[in-house]
Amino acid sequence: MNILSLQNVTYQYDGTKKSVLKDIHTDFETGGLYGIMGKSGAGKSTLLSLISGLDLTTSGLVSYGGKDMRQLDRDRYRARDIGVIFQGYNLLTNPPAIWTATPRRI
Ligand SMILES: Nc1ncnc2c1ncn2[C@@H]1O[C@H](COP(=O)(O)OP(=O)(O)OP(=O)(O)O)[C@@H](O)[C@H]1O
Ligand SMILES: [Mg+2]
């Protein structure tokens, strides 16, 4: 059964002249394991941001469980149905901030 579907997906970042993704079609089956491959800059992270509901297509349809991502409650979708590990996860690297967060007995 298709759980996630992309139809004619195109994406263009604001202020740019070229589409990063052009007319992508693909389906993801329940229980499947998939890899998205491409050279650096090909648009893998952009595609993941659309699949994960962090961003919306410029045109075309992303649907989950038969529901258009534009109509879906994306906060709920992100809380319950999809998880993302970010490529740039921006963890704190400043040790004093981490030490400050360590619980202390007083
Ligand atoms: N916020 C943005 N604004 C404008 N252009 C962007 C933005 N983010 C990414 N791009 C451009 O979109 C294209 C696709 O980027 P993306 O990060 O999706 O590629 P990627 O396949 O994940 O690359 P990598 O393998 O290096 O992670 C690149 O040309 C990138 O420079
Ligand atoms: Mg990437």
Inset, instruction - Would you kindly derive the ³J(HN,Hα) couplings of the stretch 11-19 from the backbone phi angles with the Karplus curve 6.51 cos²θ - 1.76 cosθ + 1.60 (θ = phi - 60°), listing them in order in whole Hz, with x for Gly and Pro? - result: 9, 10, 5, 4, x, 10, 9, 10, 6
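With contacts defined as alpha carbon pairs under 8 Å and 6 or more residues apart, what's the relative contact order of the chain in percent? Don't skip to the answer; put the middle values down first.
On the way: 120 pairs, mean separation 28.8, N = 106.
Relative contact order of the chain: 27 percent.
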Inset, instruction - For Thr10, put the label point 7 Å out on the Cα→Cβ axis and report which residues of the stretch 56-72 keep their amide N under 12 Å from it. - result: 58-61
Inset, instruction - Calculate, for Lys18 and Ile85, the FRET efficiency according to 1/(1 + (r/R0)^6) with r their C-beta to C-beta distance and R0 30 Å; round to the nearest 0.05. - result: 0.60
Inset, instruction - Calculate, for Lys44 and Arg105, the FRET efficiency according to 1/(1 + (r/R0)^6) with r their C-beta to C-beta distance and R0 41 Å; round to the nearest 0.05. - result: 0.35
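All of the numbers you see were taken from the coordinates with simple rules; none came from a lab. Here the structure is a predicted model, which is why all the values come from computation and not from measurement. Please note: Cβ atoms are built from the backbone with ideal geometry, for glycine as well, and neighbour counts cover all protein chains shown.
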